[in-house]
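The values are calculated or read from the model by the stated rules, or taken from the named source; none is laboratory data. This one's a predicted model, so the numbers in the text were calculated from it and none came from an experiment. Note that we place each Cβ from the backbone using ideal geometry, even for glycine, and neighbour counts take in every protein chain shown. Just the protein is used for accessible areas: all its heavy atoms, side chains included, with ligands, DNA and RNA removed. Shrake-Rupley method; radii C 1.70, N 1.55, O 1.52, S 1.80 Å.
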Amino acid sequence: MKTKILTIFLIFTSFLNADENPFKVETKEKMIVPQEFQERTFRFNSDARILKGITFHYIKADGSEDKLSVDINKSIDWHDAYVLTHSKTPEPSKILDVSVTIPQNTSQETNKTTEVDIPLQIAKIYDFISYTVYKNKIKLNTQDDLISDFSVGNPSKIIIDFKSTSIYPTKNIRLKNSIFKRIDFGSHKGYYRLVIYLDGVYNYNIQKDSTGYMVHLS
């Protein structure tokens, strides 16, 4: 009798501990899909110069994550805004007869455009020194000898010292619509100093010619 009671108890307990119906089919949770991507605008920091590539992290249909890397390797201007945008796949169209629709180029010459540096601002600091501002360089017109130069800070400031035995009053010159923001002039014993304020982080180099010094930014 005790054996029968124990057997019935064990069978009853096994039904209570059964987790699921063995014939029940598991269903995965439905993935919540956000709004369709259209466009995103972004900007780079002022020390960015070359875009090496872009990596997209995405979620696949089965819910797992993956990524897609795209090589770019192109120079960029950090002042500009860049746009990642979505475009529809174009509908297939008829293949036109190229020989009819596109005239042949009978000229062997190719059109070449020559970039011309247009001065943004020209002004005199004193009779012995003036400046000309371009897009990414500034010309310092002077016959005085450059004795030292260096840069500091973020945004960058370029400090240039010229040899001089004269003393002149300090000047602060504001520049408009340019990556060059300000020029400070100050006289010291044996030299005068120009401090050129920039709008971001730059490298620079200076080239001398017959009329002065050209400061190139990069």
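Give the residue, chosen from Lys135, Lys157, that is of a type in the set (D, E, K, R) and at pLDDT 95 or above. Can you show your working first?
Working: Lys135 fails: at pLDDT 95 or above.
Result: Lys157 is the single residue among Lys135, Lys157 that is of a type in the set (D, E, K, R) and at pLDDT 95 or above.
Can you tell me which residues in segment 149-171 are over 31 Å from the mean Cα position of the chain (by Cα) and open to solvent by 40 Å² or more (accessible area, probe 1.4 Å)? Step through it out loud before you land on a result.
To start, the set of residues in segment 149-171 that are over 31 Å from the mean Cα position of the chain (by Cα) comprises 161-171.
Listed by number, the residues that qualify are Lys163, Thr165, Ser166, Ile167, Tyr168, Pro169, Thr170, Lys171.
Restricting to segment 172-192, and then to whatever is part of a strand (DSSP E or B) and hydroxyl-bearing (Ser, Thr, Tyr), can you tell me which residue is surrounded by the most Cβ atoms within 10 Å (Cβ to Cβ)? Quick ask: steps written out before the conclusion?
If we filter segment 172-192 for residues that are part of a strand (DSSP E or B), which is where we start, we get 172-174, 180-188, 191-192.
Filter once more, so that each one left must be hydroxyl-bearing (Ser, Thr, Tyr): 187, 191-192.
On the way: Ser187: 16, Tyr191: 17, Tyr192: 23.
Looking at residues that are part of a strand (DSSP E or B) and hydroxyl-bearing (Ser, Thr, Tyr), I get Tyr192.
Only residues that are in a loop (DSSP other than H, G, I, E, B), in contact with a strand residue (DSSP E or B) (Cβ under 6 Å, 6 or more places away or on another chain) and either of a type in the set (Gly, Ala, Ser) or loosely packed, with under 10 Cβ neighbours inside 10 Å (or both): list them for segment 36-81, please. Reasoning before the result, please.
Filtering segment 36-81 for residues in a loop (DSSP other than H, G, I, E, B) gives 36-38, 43-49, 60-64, 76-81.
Still in the list and also in contact with a strand residue (DSSP E or B) (Cβ under 6 Å, 6 or more places away or on another chain): 60, 76, 81.
Result: Lys60, Ala81.
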